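Below: the structure, in structure tokens.
Throughout, read-outs are computed from the coordinates displayed, never taken from laboratory work. Treat the numbers as computed from the prediction; the structure is a model and nothing was measured. Cβ placement follows ideal geometry from the backbone for every residue including glycine, while neighbour counts extend to all protein chains displayed.
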Amino acid sequence: VTARSRISRVTVTPVAFADPPLLNVVGVHQPFALRAVLELHTDTGLIGLGETYADETHLARLDAVAAELPGHDPYDLDGLRRLVARMLASGESGRAGASFGGMLDVDSALDTVYSPFEVACLDLQGHEAGRPMSDLLGGRVRDRVAFSGYLFYKWDRHPGQSPDEWGEALGPDQIVTQARRMVDGWGFGSLKLKGGVLPPEEECAAIEALRDAFPGLPLRLDPNGAWTPETSLRVANRLAGVVEYLEDPTPGIAGMAQVSAGTDVPLATNMCVIAFEHLPPAIASDAVQVVLSDHHLWGGLRRSMLLGGITETFGLGLSMHSNSHLGISLAAMVHLAAASPHLTYACDTHYPWKTEDLIEPGGLEFVDGSVTVPTTPGLGVTLDRDRLGELHEQYLSCGVRRREDTVYMQEIQPDFRPNTSRW
Ligand SMILES: [Mg+2]
């Protein structure tokens, strides 16, 4: 009889990596983005990896779960979820009822805390079985996963730093130049512009410039709820036939439903439908036609597969959301997309914007805008311990402890206010 592996040791390592000054509806990216790297060791010598957010509150929750995990069976995912729920409910140091990022309730905290442990357990299962993670999710339905090039309005530098290699992008011509670099460098076959930064007419002009410059490429615009329903309809009329979807033009399910009733342009969201409980009211009011999955937020890979099934059942499209992330998350996103039959759009990724990583190079390359699904066991990526150490040192020294785009923007432009519903 072969002894079943048990988790013997867990480490949670916060890291910081350089991030360019990308603009959005609530401000601007700080000079460093934070992530937490999970390592689950077994008594049989295997290591499972996970990656997630690293805001202070989230880190405290991860540490609390990590302390309880030794002895756990990496195949017992339901038990893992109960363990996470128990830790969140225990209420020590304000864990119960605290929100994550100021917009998620306790149930969502369960999903966000559970997710990286689930990914790491699946990585362990894959290593033990000698099978890639996509096999554990039902098998690959595609060998390559397509991503869209993610365009941002941006400054040419963070204050006090030298210019980055991307340069400034504050108008249509500069956005087209940025897109050219994305398409030439990574081969992306579709493009997304992060909006909510400039008045909608200027952002429409940028989309129209992209349409002229890249006639065959599907385009998306995501202002993160910067517009009223009336403005959203005006934009939808202008960009009908130009964009494949508008993402979160206005906040909330009711507002999105109001826009949806007045246009045939598909509406996508990663803001008003971010948990299973949001699906029934959104579907009942036909508020959105495309849901963006995100395994970090939706409770891991298996629950993201469940989301995919629900979207298929109710005739919704499925795309994938991205926050600034490193290679462990990219690998998990690729395996999830590879195993998702109903994925109907190219996935989002911030990956080209980062200049630092902590996995050994070579496993995840963008060719023609797609990443080939790893076929080696588990996630198929290996931690570079030197880089992990360096990015942890950077976390310790950089001073950033939570994502605060608005606070950082107001240090530079004191009169800045978030653009939510502004136009
Ligand atoms: Mg979005």
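Comparing A257, A284, A209, which has the greatest mean-square fluctuation in the GNM of the chain with Cα pairs linked when under 10 Å apart? Its mean-square fluctuation being the largest, the pick is A284.
Per residue, the convex hull spanned by the Cα atoms of the chain measures out at 135 cubic angstrom. For the chain, DSSP calls about 55 percent of its internal beta bridges antiparallel.
Our note on the geometry: Cα centres of segment 383-423 and segment 118-155, 26 Å apart. Max-minus-min Cα coordinates of segment 128-283 on each principal axis give 51, 42, 36 Å, with the largest extent listed first. Between 0 and 90 degrees, the angle of helix 56-68 with respect to the longest Cα principal axis of the chain falls at about 20 degrees. Applying Stokes-Einstein at 4 °C and 1.567 mPa s to the Kirkwood radius of segment 271-315, computed over alpha-carbon pairs, gives a translational diffusion coefficient of 122 µm² s⁻¹.
Put simply, the amide H of E51, placed in the peptide plane, has neighbours under 5 Å in L38, leaving out anything fewer than 5 places away on its chain.
Over the chain, calculate the relative contact order: mean separation of alpha carbon pairs under 8 Å at least 6 apart, over the residue count, as a percent.
On the way: 913 pairs, mean separation 95.8, N = 423.
The normalised contact order for the chain reaches 23 percent.
Just to be sure I understand: of the beta bridges DSSP finds with both ends in segment 264-415, what percent are antiparallel, rounded to 5? Rounded to the nearest five, the antiparallel share is 35 percent.
In debye, nearest 20: dipole of the chain around its Cα centre with unit charges on the Cβ of K, R (+) and D, E (-)? Display every interim value, and only then the final one.
Numbers: 33 positive and 55 negative charges, 109 e Å.
Approximately 520 debye in magnitude.
Principal-axis analysis of the Cα atoms of the chain puts helix 172-186 at an angle of about 40° to the longest axis. Averaging the Cα positions of each part gives two centres, and for segment 320-350 and segment 13-77 these lie 17 Å apart. Comparing mean-square fluctuations of G138, G225, G378 from a GNM of the chain with C-alpha springs under 10 Å, the top value falls on G138. For segment 225-308, the alpha-carbon coordinates run over 39, 23, 20 Å along the three principal axes, in decreasing order.
Counted by Cβ distance under 12 Å from F416, the other residues give a net charge of -1, where Lys and Arg count +1 and Asp and Glu count -1. Backbone amide hydrogens, once placed in the peptide plane, bring M320 within less than 5 Å of S293, D348, excluding anything fewer than 5 places away on its chain. Taking amide hydrogens as placed 1.01 Å from N in the peptide plane, the amide H of V141 sits under 5 Å from those of A339, S340, each at least 5 positions away in sequence or on another chain.
Mind pulling the per residue volume of the convex hull built on the Cα atoms of segment 21-64? Å³ is fine.
Values: hull volume 3.9 nm³, N = 44.
In segment 21-64, the Cα hull volume divided by residue count equals 88 Å³.
In degrees, nearest 10, range 0 to 90: what is the angle between the Cα axis of helix 385-398 and the longest Cα principal axis of the chain? For helix 385-398, the angle is close to 60 degrees. Mean residue ellipticity at 222 nm, helices only, the chain: -11500 deg cm²/dmol; runs of at least 4 DSSP H residues each add -39,500 (n - 2.57), and the sum is divided by the number of residues.
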